[in-house]
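The values are calculated or read from the model by the stated rules, or taken from the named source; none is laboratory data. The structure presented is a predicted model; accordingly, all values stated were derived computationally and were not measured. Don't worry about glycine lacking a Cβ; one is built from the backbone with ideal geometry, like all the others, and counts go over all protein chains shown.
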């Protein structure tokens, strides 16, 4: 079992450890690779202007954090192409499928970048170009594998011309259209090939050599070699539905045990059932079973005393009995009341969120589901959805309220923050006071909430514009309180502004606290968003191209909640992957020469 995650920089210790292992794999697989090239990788990740490419590095890690494989992709947003520098696994795991999974993942990544396709180099499968028989057999297996994806060498050019006449195995330039049917026009080919040669190998290739290779591209459009290993297999159709372009769905399978039947309690099981009914017909989701996580994941954001109280109090109550807070002993926080029932107000922020026997069990399962969905992002999914109740975004470090007991999204943010910066976007009608309070003094988690102004909307005491964080977190909390009556257009424009701020933060992951109580007719809100507005909102979020976890929060109009959720996820999917991929009609070297796609550790393809 392994997970795939992106390395953004060498700041975090876990990333420094991974980069050290990446260096070791490259050293073992490519003994001729210069140290200077490996030393550049951290800088390539953080300084795209200098290297004139945006570097994207993914690693496949096991449960112990040991790197088993890597893929390094270079992206040119101006010329709209990607170049796959390396894809490799550790030697003893070759042929175990890790390289194939990485290749599928990196193809999906390239598709989201809206490029014309992906280029890379691969050693030749022709005997006149490769005299080493053992290497020739490896090359043929590799070329056969890539033909499954419709990928073949570009022909009728001088690209595979060696620098010196006695060089063996000069590389092909391969082109992967990423299943889009793209054809390369000659003008684009000249610009792209020159960019590859000058930026990747300019210190090793004479300018005259580069000019000669570029001018040798004369076909318009550029031609690929005819298939040599049979027709592409039908499993390409299966690969299109791989985890990289599906939405991982994790449903709280125990949410319905938490059913408060008192009149007016709107946080009911029918909410989840209504959403499931609508979204399962879209064919966008892959459902995953919840995993069990340690209670330490909860106490990493909630105080242990509160967690223990909530657990013990809930499990001590008789079935069907609910306890509501009615005394709020906040004057001396160091001396909580001894009576368990009275202590409810010591940990609660309102009078309408009850404790009962199943509240803890359902909330605990909700955390497990959310962490399972967060882990799916590490395993290669770009989008995941934790469809959980009870909700969580009002739960603070030591308190519950607003139907929330554990802050599911905050626990997930803490979990993902080990792998890079996290942005949290709360689009519930009510302020996300929980994550604001939990991360208020941290700069690695950006918290943003768009909500009804606390002058008139719950929770009333937080969510003001001037609450911007404290200490190290100053400037990393932002609130956008809006009037009681607004148009959907104003809401969408506010979201667009917020997303620009999130993109400039450059997070590794985005967590969306997904409230549907902004919808027309919701009993707890005053706004009027309709299904088309949720679809537009989803598309805006998807276009950020950030690995995104959506966590269910509020939304209580059960007549429209499912339809609105369906449209949101259609927009989200189409915003990230493009409507063409949606299945529903309702929118979505030279000593180390030109080191090609070295999934099995081939040697240098060109020499000085």
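Say we look at region 24-52 and pick out the residues that are farther than 26 Å from residue 546 by Cα and at pLDDT 85 or above; which of these is surrounded by the most Cβ atoms within 10 Å (Cβ to Cβ)? Taking the candidates together, the pick is 26.
At least 1 residues being touching a helix residue (DSSP H, G or I) at 6+ places or on another chain (Cβ under 6 Å) and under 27 Å from residue 56 (Cβ atoms) is the threshold, and among the strands (runs of 3 or more DSSP E) wholly inside region 384-485 those reaching it are 422-426, 445-452. Would you check if residue 521 is farther than 30 Å from residue 272 by Cβ, out of contact with any strand residue (DSSP E or B) (no Cβ under 8 Å at 6 or more places or on another chain) and assigned by TED's automatic domain parsing to the domain that holds residue 408? For residue 521, the condition - farther than 30 Å from residue 272 by Cβ, out of contact with any strand residue (DSSP E or B) (no Cβ under 8 Å at 6 or more places or on another chain) and assigned by TED's automatic domain parsing to the domain that holds residue 408 - is not met. Reported count of residues in region 540-561, each being surrounded by 21 or more Cβ atoms within 10 Å (Cβ to Cβ) and within 27 Å of residue 112 (Cβ to Cβ), is 10. Within region 76-99, identify whether any single residue is buried (at least 20 other Cβ atoms within 10 Å of the Cβ) and part of a helix (DSSP H, G or I), and answer yes or no. Yes: one or more hits.
Among the numbered conditions (1) closer than 29 Å to residue 291 by Cβ; (2) assigned to a strand (DSSP E or B); (3) in contact with a helix residue (DSSP H, G or I) (Cβ under 6 Å, 6 or more places away or on another chain), the only one that residue 56 does not meet is (3).
Of all the criteria given as (1) buried (at least 20 other Cβ atoms within 10 Å of the Cβ); (2) assigned to a loop (DSSP other than H, G, I, E, B), the one not satisfied by residue 275 is (2).
So is residue 492 modelled with pLDDT of 95 or more, within 24 Å of residue 403 (Cβ to Cβ) and not in a loop (DSSP other than H, G, I, E, B) or not? Answer is no for this residue.
Is it true that some residue in region 509-517 is over 23 Å from the mean Cα position of the chain (by Cα) and assigned by TED's automatic domain parsing to the domain that holds residue 431?
Taking every residue of region 509-517 in turn, at least one turns out to be over 23 Å from the mean Cα position of the chain (by Cα) and assigned by TED's automatic domain parsing to the domain that holds residue 431.
Looking across region 109-148, the residues that are part of a loop (DSSP other than H, G, I, E, B) and within 27 Å of residue 383 (Cβ to Cβ) come down to 113, 114, 115, 116, 117, 148.
Based on this model, can you work out whether residue 41 counts as in a helix (DSSP H, G or I) and touching a helix residue (DSSP H, G or I) at 6+ places or on another chain (Cβ under 7 Å)? Considered against the rule, which asks whether it is in a helix (DSSP H, G or I) and touching a helix residue (DSSP H, G or I) at 6+ places or on another chain (Cβ under 7 Å), residue 41 comes out as yes.
Yes/no per residue for (1) surrounded by fewer than 19 Cβ atoms within 10 Å (Cβ to Cβ); (2) within 25 Å of residue 138 (Cβ to Cβ):
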position	(1), (2)
165	yes, yes
171	no, yes
174	no, yes
180	yes, no
183	yes, no
187	yes, no
211	yes, no
